[in-house]
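Taking it in order: structure first as structure tokens, then the write-up.
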Amino acid sequence: MSTPHEAQKTERDGAQVSTGTTDNGESAAIPELVIISGMSGAGRSTAAKCLEDLGWFVVDNIPPELIAPMVELGARSQGNVARIAVVVDVRGRRFFANLKESLATLDAQNVKRRIVFLESSDEALVRRFESVRRPHPLQGDGRIVDGIAAERDLLRELRGDADLVIDTSSLNVHELRAKMDAQFAGEEVPELRATVMSFGFKYGLPVDADMVIDCRFIPNPHWVPELRPFTGLNDEVSSYVFSQPGSKEFLDGYAELLRIVAEGYRREGKRYVTIAVGCTGGKHRSVAMSEKLARRLVSEGVETVVVHRDMGRE
């Protein structure tokens with residue numbers, strides 16, 4: 001069976017795509033590949049369906065050994081299958097153990113691949129399994145939490161290698177689809193996408209954060225009666241936050257740090273980063289800081305989405 005190799009860049013529809021040649025000398029465009037994995041019950045099927053609606057060719061629960069042949073078939077399709085998404089998870093049982101070798105094979109074939117990992121808290125996963133009255137695929141004769149713990153252990157290395165981690169603990173189906181649309185709906189893949197997420201420390205750290213910023217050193221507008229009802233999206237609240245000692249210097253310093261980090265991510269081929277900006281309740285300081293920081297990232301050429309996780313939760 002022939003495989004695409006000798007990858008190079010060529011122009012198609014104004015965008016750069018990977019190309020190669022098969023063993024019989026035919027030119028072949030290597031499809032873009034997204035691997036969807038993560039915790040059972042965290043929304044893998046929803047994420048896959050979203051990509052399917054965006055025009056991706058999606059295959060669910062595929063053994064890892066078949067990913068490379070699937071990409072090869074796409075390369076032979078004369079551009080008809082330019083984007084492939086595969087769902088790989090522990091339902092594959094013994095097949096899942098071969099995922100690391102399959103990823104190494106894809107890298108050797110110059111396949112541009114990304115891993116999307118769906119995460120969720122134990123409490124949310126237990127609630128979802130109980131609501132549908134189905135056992136966890138790894139619980140055996142034990143409890144649902146035993147299956148969840150076993151799955152986390154199996155997926156730990158893959159989660160660490162993921163390009164994009166999405167925590168669905170507090171997301172409904174529509175919110176998860178919106179997150180996927182924000183990352184994949186564009187016609188061209190940007191060099192780097194950033195999600196800047198404000199949050200409240202009292203509600204817990206976002207588990208999908210790559211970097212965490214703490215704004216609690218800034219005086220809290222909550223204790224200013226005329227500002228308390230508003231959020232960091234309000235001009236008066238934002239002005240108050242950035243009039244406090246150290247606020248502007250903190251923004252400038254962190255923006256410069258993110259510029260350096262973004263350059264490193266680009267060099268390493270990392271396409272996604274989630275920056276969590278926290279204050280006590282996720283209503284005032286973190287919201288104002290997130291908005292300003294997102295504008296700085298946009299000015300540096302980073303496509304940025306702003307999410308205010310806990311605003312309105314109090």
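The values are calculated or read from the model by the stated rules, or taken from the named source; none is laboratory data. Computed from a predicted model, the values in this text were never measured in an experiment. Cβ placement follows ideal geometry from the backbone for every residue including glycine, while neighbour counts extend to all protein chains displayed. Quick note on the areas: whole protein, heavy atoms, side chains included, nothing else; ligands and nucleic acids left out. Shrake-Rupley method; radii C 1.70, N 1.55, O 1.52, S 1.80 Å.
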Among the candidates Val71, Val111, Val86, Val58, residue that is part of a loop (DSSP other than H, G, I, E, B) and under 24 Å from Phe184 (Cβ atoms): Val111
Matching residues in the range 184-243 - criterion: being open to solvent by less than 70 Å² (accessible area, probe 1.4 Å), among the aromatic types (Phe, Trp, Tyr) and without any contact (Cβ under 8 Å) to a residue 60 or more places away in the chain: Tyr240, Phe242
Residues of the range 273-314 satisfying the condition of being open to solvent by 30 Å² or more (accessible area, probe 1.4 Å) and in a helix (DSSP H, G or I): Glu291, Lys292, Arg295, Arg296, Val298, Ser299
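Are any of the residues in the range 85-99 modelled with pLDDT of 85 or more and open to solvent by 10 Å² or more (accessible area, probe 1.4 Å)?
no
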Scan of the range 198-212 for residues that are among the hydrophobic types (A, V, I, L, M, F, W, C) and at pLDDT below 95, ordered by number: Leu205, Val207, Ala209, Met211
Residue match in the range 246-255 (condition: outside any helix (DSSP H, G or I) and at pLDDT 95 or above): yes
Any hit, the range 214-237, residues being over 14 Å from the mean Cα position of the chain (by Cα) and part of a strand (DSSP E or B): yes
Test: Val261 is assigned to a strand (DSSP E or B) and under 30 Å from Gly38 (Cβ atoms): no
Near pairs, Cβ below 6 angstrom, 6+ apart or cross-chain, from the range 252-265 (closer than 17 Å to Val212 by Cβ) to any residue that is open to solvent by 50 Å² or more (accessible area, probe 1.4 Å) and assigned to a helix (DSSP H, G or I): Ala255/Arg296
